[in-house]
1. Can you tell which of SER57, SER35, SER169 shows the greatest fluctuation in a Gaussian network model of the chain with Cα springs below 10 Å?
2. Pop out the ³J(HN,Hα) list for the range 49-59 in order, Karplus 6.51 cos²θ - 1.76 cosθ + 1.60 with θ = phi - 60°, rounded to Hz; leave Gly and Pro as x.
3. Could you grab the relative contact order for the chain? Cα pairs under 8 Å, six or more apart, rounded to a whole percent.
4. Assuming R0 = 30 Å, can you tell me the calculated FRET efficiency for the pair TYR28 and GLU115, based on Cβ-Cβ distance, to the nearest 0.05?
5. Which whole-number percent gives the relative contact order of the range 3-85, counting Cα pairs below 8 Å spaced six or more residues apart?
6. Could you work out how far helix 159-179 tilts from the main Cα principal axis of the chain, as a 0 to 90 degree angle to the nearest 10?
7. Order these peptides, 20-29, 60-69, by their mean beta-carbon neighbour count within 10 angstrom, highest first.
8. Could you list, in their original order, any pairs among LYS31/LYS135; LYS4/LYS121; LYS121/LYS153; LYS121/LYS176; LYS31/LYS149; LYS24/LYS163 whose Cα atoms are separated by more than 23 Å?
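Every read-out reported here was derived from the displayed coordinates using simple, explicitly stated rules and does not represent laboratory data. Computed from a prediction, not measured in an experiment: that's the story for all the values here. Note that each Cβ is placed from the backbone with ideal geometry, even for glycine, and that neighbours are counted across all protein chains shown.
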Amino acid sequence: MEDKSIVELFFQRDEEALNRTAEKYGAYLKKTAYSIVGDKRDAEECVNDTYLSAWNSIPPHRPQVLQTYLCKLCRNHALMRLRYNNAEKRGGGKAVLALDEIAGVIPGETEDAGECEAIKKCVREFVGELDADGKTVFLQRYFNFYDVKTIAKNTGFTQSKVKMMLKRSRDRLKNKLESEGLM
């Protein structure tokens, strides 16, 4: 079933929208959640929370790309679950390590909505400027939270090359943010 048809089912408040969404994107969402939380049950719960969030947000929101919208919802639920699971202690999860890596580059939380949007825009521009390999490696690490070994396997690069690509990308992102006056 096409994404437009699934979105229309959401707008009609037809529960078949959830069945079609699970059929088409369930495995992808589970993989996304699992790559962040590292636990099968938590990943399944995140996916179920994603379906509920989609049900509650469509309508009024009409996503242009359903897969991307669902992935964003799923990532947010998985990150909340990860924070909950690691509230008392730091460490362990792949996502925590990836977030720690990028934390020194991207400024911390800000109360200024305009500054937050400027940072988001700058990061999007940075990712758009990366070459295909750099973009793949960067997104697999900091969007999908894959570990270096998995990225190396997916791309055919050595682990040391992946690590170097990530370090150089972080350095370039930091320079870009500094040049924009966002750090």
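1. Checking each option, the largest mean-square fluctuation is seen for SER57.
2. 5, 5, 4, 5, 5, 5, 4, 7, 9, 10, x
3. 20
4. My answer for the efficiency is 0.35.
5. 36
6. Rounded to the nearest ten degrees, it is 90.
7. Packing order, densest peptide first, comes out as 20-29, 60-69.
8. LYS4/LYS121; LYS121/LYS153; LYS24/LYS163
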